[in-house]
1. Name the lysines eligible as straight-distance cross-link partners of K164: C-alpha to C-alpha under 23 Å, and not fewer than 8 places from it in the same chain.
2. Separation between the R121 and L52 pseudo-spin-labels, each 7 Å from Cα along Cα→Cβ, expressed in nm?
3. Please compute, for the alpha-carbon atoms of the stretch 114-172, the extent along each of the three principal axes and give them in descending order in Å.
4. Using only the heavy atoms of the protein chains and a 1.4 Å probe, how would V85, V56 rank by accessible area, largest first?
5. Provide the solvent-accessible area of Y203, counting protein heavy atoms only and rolling a 1.4 Å probe, rounded to the nearest 10 Å².
6. Could you give the accessible area per residue of the stretch 51-118, probe 1.4 Å, as a whole number in Å²?
7. Please turn the phi angles of the stretch 155-172 into ³J(HN,Hα) values with the Karplus equation 6.51 cos²θ - 1.76 cosθ + 1.60 (θ = phi - 60°), one per residue in order, whole Hz, x for glycine and proline.
8. Enumerate the calculated ³J(HN,Hα) couplings along the stretch 91-104 in order (Karplus 6.51 cos²θ - 1.76 cosθ + 1.60, θ = phi - 60°), each rounded to whole Hz, writing x wherever the residue is Gly or Pro.
Amino acid sequence: MNPNPAGSPPHHPAGGPSPYPAPPGYDTRHPSQPPAPAAAAPRGKAATVLLLVSTVLVGLMAGLFFAFDVSVMPGLAAGDERTYVTAMQAFNKAIDGNGLFGTAFVIALLASAASAVVEFRKGRRGVAVWVAAAAVAYLVVLMITFSVNIPLNNELAAAGDAAKMTDFSVVDKFKGTWVATNIVRTLLCTVALTALSRALILYGRATR
């Protein structure tokens, strides 16, 4: 017969103090009281907002780049070069002059970086690592944009009226370099979005 049934405090057969340690979490002062559950980390409003904003904005950027990959650029490539230039000039002008796009494009990085810092300080290290990974991936997107895509956009704009153009070498750059780097931007944004999605799952578990 088991002298120490499950749930009973450890005791010595002779009635004295037990030579065996009490189970983890067992309160020897109040044997009938169950161990208290571990407290969840606090769910700060600012931390929640930052993580959600980061995820939404990065998702929007991924969708924009993906749309160019699968529809805009292939569609333009199927037409003549003058149409290609005219359309891309119009697209770039519309995007460059859109304050909402510019704000979202930059805030996506700032919100991700800020979220990583907040999560690290709150002690949610697993969440912070995934958010930081997303911020790094998106930072590379910005670096590619400012070093490759924007200069090509400016070169295309400087070409002037497509109806008067005679040198269409810039179109070859778009069909090669611009299109390739845009695919890279799409992939990096997708990586960042995946990392932020994982961070949201871990955040929910940590603050449940």
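The values are calculated or read from the model by the stated rules, or taken from the named source; none is laboratory data. Computed from a predicted model, the values in this text were never measured in an experiment. Cβ coordinates were reconstructed from backbone atoms using ideal geometry, including for glycine residues, and neighbour counts include every protein chain displayed. Ligands, DNA and RNA are stripped out before the accessible areas are found, and what is left, the full protein with its side chains, is counted by its heavy atoms. Shrake-Rupley method; radii C 1.70, N 1.55, O 1.52, S 1.80 Å.
1. K93, K173, K175
2. Between R121 and L52, the simple spin-label model gives 2.1 nm.
3. 61, 16, 14
4. Numbers: V85 0, V56 90 Å².
So the residues, ranked largest to smallest area, are V56, V85.
5. 10
6. Each residue of the stretch 51-118 exposes 48 Å² on average to a 1.4 Å probe.
7. Working through the residues one at a time gives 5, 5, 5, 5, 5, x, 5, 5, 5, 9, 6, 10, 10, 10, 5, 5, 5, 4 Hz.
8. Once θ is set to phi - 60°, the couplings for the stretch 91-104 become 4, 5, 5, 5, 6, 5, x, 9, x, 5, 5, x, 5, 5 Hz.
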